[in-house]
Amino acid sequence: MAEYTPLLDTVNALISLEMAKALIGAKITDDAQEVALIFYINAASHYCNTYTGRSLLSRANTEYYNGNGDDKLILNNDPVATLTSVYDDQAQTFAVGSLIPATSLYIIPDGLKNIIAYYGGAFTPGYHNIKVVYTAGYATVPYDLQEACFGIVALYFYQTQEKRFGITSRSVGDGSTTFDKDVPRWITSILDGYKKKW
């Protein structure tokens, strides 16, 4: 039977394997633990994305929105680095003729969301008739977000490898231990600051 070796999900990973190994330190003693650590980083980064409702790491996005008849449109991800193109086409072919000129569009940063403003126009009402191609997310992950991700990685690591961390009860009789499977509040309080609010 072939061995399974997970690869670090570089599209989503909020911390590197080297960072996780350095923070956990001498506890990583063999290849099996390193493989487990990669899995934990992937799982923790996925948790952070899911919890916040965002794709946190910088990436190219192609998304389709419903036209709202307004001159503003809220994007799904932020912060926006580049706005490549915006199309408005009820036929959903998104041909060159439906491309909105870049000079008519600008981004309004608004807290944890970015709004496309259509200067001198409005997005046609319709279903998935607006196509937006843009790059958004963190090219450099904020320190507190890295801390939250590593906190989850450490939780997974110590629960499975060291059989400790987050202990809620321990039985004297049979020596069994019960672990708290929930992500600690200090981690979710960090992630709450990045939660999508629209």
Just subtract the alpha-carbon distance of THR103 and VAL133 from 0.36 nm times their residue separation and send over the number in nm, one decimal.
9.2 nm
Considering only LEU75, LEU23, LEU155, give the residue with the highest GNM mean-square fluctuation for the chain, with springs between Cα atoms whenever their separation is below 10 Å.
LEU23
Take the residue pairs LYS72/LYS197; LYS21/LYS197; LYS21/LYS113; LYS113/LYS195; LYS21/LYS196 and return only those whose Cα atoms are more than 22 Å apart.
LYS21/LYS197; LYS21/LYS113; LYS21/LYS196
Probe 1.4 Å, heavy atoms of protein chains only: per residue, the accessible area of the chain in Å² is 55
When the chain is treated as a GNM, springs tying every alpha-carbon pair under 10 Å, which of ALA95, ALA139, ALA148 comes out with the largest mean-square fluctuation?
ALA95
Candidates for Cα extents along the principal axes in Å are (1) 60, 37, 35; (2) 62, 44, 26; (3) 73, 36, 29, and the calculated one carries label (3)
Among THR29, THR52, THR84, which one moves the most in a GNM of the chain with springs linking Cα atoms closer than 10 Å?
THR29
Using 0.36 nm per residue of separation minus the Cα-Cα distance, give me the extension gain between ASN68 and THR50 in nm, one decimal.
3.8 nm
Exposed GluC sites (Glu not before Pro) being those in a DSSP loop with at most 13 other Cβ atoms within 10 Å, the longest stretch of the chain free of them is 4-161
If the chain between ARG185 and THR160 were fully extended at 0.36 nm per residue, the gain over the current Cα-Cα distance would be 7.0 nm
Report the net charge of residues surrounding SER98, where surrounding means a beta-carbon distance below 12 angstrom and charges are Lys +1, Arg +1, Asp -1, Glu -1.
-1
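The values are calculated or read from the model by the stated rules, or taken from the named source; none is laboratory data. This one's a predicted model, so the numbers in the text were calculated from it and none came from an experiment. Here Cβ is always computed from backbone atoms with ideal geometry, including for glycine, and neighbour counts include all displayed protein chains. Note: areas computed on protein heavy atoms with side chains; ligands, DNA, RNA excluded. Shrake-Rupley method; radii C 1.70, N 1.55, O 1.52, S 1.80 Å.
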